[in-house]
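Q: This is the structure, below, for whatever I ask next.
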Amino acid sequence: MTETIGFIGLGDLGRPIAANLLAAGYGLRVHNRTAAKADALVAQGAHRADRAVDAVRAGGIVATLLWDDASVEEVVTRDGFLERLGPGGVHISMSTVSPEGSKRLAALHAAHGCQFVEAPVFGRPEAAVARQLWIVCAGAQAAKDRVRPVLEAMGAREIFDFGEAIGAATTLKLLGNFLLISAAQSLTEGLSMVEKSGFDPRAALDMLTRTLFPSPIYQTYGRMIVEKSGGFSQSPIPAKDLGLFTAAADQLGAPAPLASLLLELRTRGA
C-alpha cells in the first residue's frame, strides 16, 4: 500500500483500528485531542498530526472516530479542514452520530467538492484487534468503492452497503445500538434475578446462549455481566446513543416508548 490515510480519534476503538491500517501497510497520519494516545502508534511508524487538519492530504482519505455530532463538526469546520481535503478527497465518518447531523456534514463536504461516507462500526475493541468488525456504510458509490479496501484493512469482517442516501448507515447504527442496549439491560435484570434466587447465573447464561439466544451479543455481554466486568453500567455510551435514537424517532414521528424508558433508566442510573 502506498496511500497515506488520516485518522482522527484514538479512543479504545480507534487505536486498534488505526493499528490495523499500519499492519496492512498503509501510511498513517494520526491525531487525537489527548496527544499521548497516539504515542504507541507513532512508535509503530505513524506520523503524529498536531492538529486535526494536519492529518488531511489534498484529495486524500481521512477517517474520524469521535464522540458525537458536535465533535465531528468541530473538526471539519476548523483550520481549513474541508478546504484542504478538497475535490477528490473522501472523509470516512465512523462515529455514532445523528442521521440529521450526518446529512449536515455531507452538505458541508459537497460545498467543498469532497465526498462524505458514513461508516459506523459494530464491534468492541477486542473485535477490532481480531479483525472481526462489522461496518455499515452509505454515500456516493465511487467514494465507497475507493474506501472499501481501507475499511477492510481497518478490520472489517463484513461491510454492509446501505446505498447512497446519507443517513441510512447512521440510522442502522442507532437501531443496532438500541437493540444491543435493550439486550444488555434484559440480561442484567434477568441474571441478577437468577443470582439472587441462589442459582448459578453462568449455568443459566450457558443454557440460554446455546439454545434460545445463540447470539454474540448475549454471549459477550452476558459473560461481562456474570463476571461483573466491562463497566457497561457505568459507560456513558448507552445514554448518548439512546438519546440519538429517541431524538431521531421523535423527528420522524415513530413511536419509541421502550427506548425512552431505557434512556430514563440510564439517565437516573438504574
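A short reminder: the numbers here are calculations on the coordinates, not readings from a lab. Keep in mind that this is a model prediction, so the values were computed, not measured. Cβ: placed from backbone, ideal geometry, glycine included. Neighbour counts: every protein chain shown.
Q: Looking only at residues that are free of Cβ contacts under 8 Å to residues at least 60 places away in the same chain and closer than 17 Å to G123 by Cα in the range 148-160, which one is surrounded by the fewest Cβ atoms within 10 Å (Cβ to Cβ)?
A: Taking the range 148-160 first, the residues free of Cβ contacts under 8 Å to residues at least 60 places away in the same chain are 148-149, 151-152, 156-160.
If we keep only those that are closer than 17 Å to G123 by Cα as well, we get 151-152, 156-160.
Details: L151: 21, E152: 17, A156: 24, R157: 14, E158: 11, I159: 17, F160: 13.
Filtering the range 148-160 for residues that are free of Cβ contacts under 8 Å to residues at least 60 places away in the same chain and closer than 17 Å to G123 by Cα, the one surrounded by the fewest Cβ atoms within 10 Å (Cβ to Cβ) comes out as E158.
Q: Would it be correct to say that A46 is over 18 Å from the mean Cα position of the chain (by Cα), in contact (Cβ under 8 Å) with a residue 24 or more places away in the chain and under 14 Å from V129 (Cβ atoms)?
A: no
Q: Out of the helices (runs of 4 or more DSSP H) lying entirely within the range 20-136, which hold 2 or more residues that are crowded, with 22+ Cβ neighbours inside 10 Å and either on the phi > 0 side of the Ramachandran plot or not basic (K, R) (or both)?
A: 69-76, 81-85, 99-111
Q: Looking at (1) in contact (Cβ under 8 Å) with a residue 60 or more places away in the chain; (2) closer than 30 Å to F7 by Cβ, which is the only condition E164 fails?
A: Of (1) in contact (Cβ under 8 Å) with a residue 60 or more places away in the chain; (2) closer than 30 Å to F7 by Cβ, only one is false for E164: (1).
Q: So which helices (runs of 4 or more DSSP H) are wholly in the range 170-270 and hold at least 3 residues that are within 25 Å of A127 (Cα to Cα), of a type in the set (A, V, I, L, M) and out of contact with any Cys (no Cβ under 6 Å at 6 or more places or on another chain)?
A: By residue number, 201-210, 216-226, 237-252.
Q: Going residue by residue through the range 202-217, is there one that turns out to be in contact (Cβ under 8 Å) with a residue 24 or more places away in the chain, of a type in the set (V, I, T) and loosely packed, with under 13 Cβ neighbours inside 10 Å?
A: Checked against the condition, which is being in contact (Cβ under 8 Å) with a residue 24 or more places away in the chain, of a type in the set (V, I, T) and loosely packed, with under 13 Cβ neighbours inside 10 Å, the range 202-217 yields no hits at all.
Q: Residue by residue through the range 50-80, note down the ones that are farther than 14 Å from T96 by Cβ, of a type in the set (A, V, I, L, M, F, W, C) and without any contact (Cβ under 8 Å) to a residue 60 or more places away in the chain.
A: A52, V53, A55, V56, A58, V62, V76
Q: For the range 4-19, give me the residue count where each residue is touching a helix residue (DSSP H, G or I) at 6+ places or on another chain (Cβ under 7 Å), part of a loop (DSSP other than H, G, I, E, B) and either buried (at least 21 other Cβ atoms within 10 Å of the Cβ) or not acidic (D, E) (or both).
A: 2
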